[in-house]
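Worksheet: one structure, shown below.
The values are calculated or read from the model by the stated rules, or taken from the named source; none is laboratory data. None of these values were measured; they are calculated from a predicted model. Cβ: placed from backbone, ideal geometry, glycine included. Neighbour counts: every protein chain shown.
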Amino acid sequence: MKLASLPRVPLATLPTPLHYAERLSVALGGPQIWFKRDDLTGFGMGGNKIRKLEFLAADALAQDADTLVTGAGPQSNHVRATMAVAAQLGLKGVAVLHGSRPPETQGNLLLDELFGAEIIFTNNPDRAQLDARIEAEAERLRQEGRRPYVIGRGGASSLGSTGYVAASLELLTQLVAQNLQLDYLICATGSCGTQTGLLVGAAWLQPGYQVLGVTVSRPRQECLTRIEKLAQETITLLGLNLIVSPAEIKVNDDYIGPGYGIPTPACVEAIRLVAQTEGIMLDPVYSGKAMAGLIDLIRRGEINQQHKVLFLHTGGAPSLFAYQPALSRPQ
């Protein structure tokens, strides 16, 4: 097992807390719900991406990079976190964002600017073309004499996923200390790196819970294919003697709604319910939709009073401020 020997830049405030959501559990009349508060990783306004970037940033430094390049949507948590890391390490940060510049600079986009990022809009709403544009910008930087390190969308690589293999060990230590046996771990799934790391961690540590991803963008089958491939790459990187079988990969795509980054009524309800029962803010792109999925599974009885559930809070609250029309109460 090579986890301890991999270079790592300490960025996150760890371990993140476990929080028993007692009032939310009572409000839903179902299982005991616990939160793993990865919104409180601290650096760059927190979130799950910081765990991945600890390993990715170390690799960038090892390669003598002077620029971090990544991309996603204008309200990307991953881009915001990457630009914060670039600032901390004294590197140039380049953010390639699909679509056009919005009329107002809010939420994560504002933070990207505050972190000093060079921001490039593709003026093309097609997310499928983004990877090629990111690589084109990296090549431009090379031609300018810079040394760019490209981080794929969401930090979803074998090295990035290692952050959530490490998180699985952290979580198991907390569960053992509290004598807590979980049945389910629920997380939002987008670029699939977080769920992959959790699955590899579960296959390694055998904690006894099932990992369920609620996808916020990609269809279920695409997620299954990506996770299976990425899991094997992560296992190989870490030198583990195990497999993540297709039967272990659980993804639900019932809660995407009209598309990525478009809040559904169920997502808005979930954000409000958690805010008003626990004083915890979810986000409208990832954790809000994942919680909407958990709420629906409880109401349908698929997850019931006999179960103990951990909800991985992946952060993202800064994007709330860019979604005011969808989230504000009608006057």
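Observations, loosely collected:
- Being within 21 Å of S217 (Cβ to Cβ), acidic (D, E), out of contact with any Asp or Glu (no Cβ under 9 Å at 6 or more places or on another chain) and modelled with pLDDT of 95 or more is true of D38.
- Any hit, the stretch 19-30, residues being without any contact (Cβ under 8 Å) to a residue 24 or more places away in the chain, in a helix (DSSP H, G or I), over 30 Å from N123 (Cα atoms) and of a type in the set (S, T, Y): yes
- Within the stretch 232-270, the set of residues being farther than 23 Å from P125 by Cβ, in contact (Cβ under 8 Å) with a residue 60 or more places away in the chain and surrounded by 15 or more Cβ atoms within 10 Å (Cβ to Cβ) comprises E233, T234, L237, L238, L240, V251.
- Whichever residue in the stretch 132-148 is surrounded by 14 or more Cβ atoms within 10 Å (Cβ to Cβ) and among the acidic types (D, E) and, among such residues, is farthest from the chain's Cα centre (by Cα): E137
- Helices (runs of 4 or more DSSP H) wholly inside the stretch 253-331 that include at least 3 residues being at pLDDT 95 or above and closer than 23 Å to L182 by Cβ: 265-278, 287-299
Yes/no matrix, rows are residues, columns are (1) part of a helix (DSSP H, G or I); (2) over 18 Å from M45 (Cα atoms):
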{"residue": "V69", "(1), (2)": "no, yes"}
{"residue": "A95", "(1), (2)": "no, no"}
{"residue": "T105", "(1), (2)": "no, no"}
{"residue": "L110", "(1), (2)": "yes, no"}
{"residue": "E113", "(1), (2)": "yes, no"}
{"residue": "I134", "(1), (2)": "yes, yes"}
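- Residue within the stretch 81-93 that is assigned to a helix (DSSP H, G or I), crowded, with 20+ Cβ neighbours inside 10 Å and either modelled with pLDDT under 95 or under 14 Å from the mean Cα position of the chain (by Cα) (or both) present: yes
- V285 being surrounded by 24 or more Cβ atoms within 10 Å (Cβ to Cβ), touching a residue at least 24 places away in the same chain (Cβ under 8 Å) and under 19 Å from W34 (Cβ atoms): no
- Count of the stretch 187-218 residues which are assigned to a strand (DSSP E or B) and either surrounded by fewer than 24 Cβ atoms within 10 Å (Cβ to Cβ) or not aliphatic (A, V, I, L, M) (or both): 6
- Annotation note: of G193, G201, G208, the sole residue that is out of contact with any Cys (no Cβ under 7 Å at 6 or more places or on another chain) and at positive phi is G208.
- Of the residues screened, R140 is not one that is among the basic types (K, R) and at pLDDT below 95.
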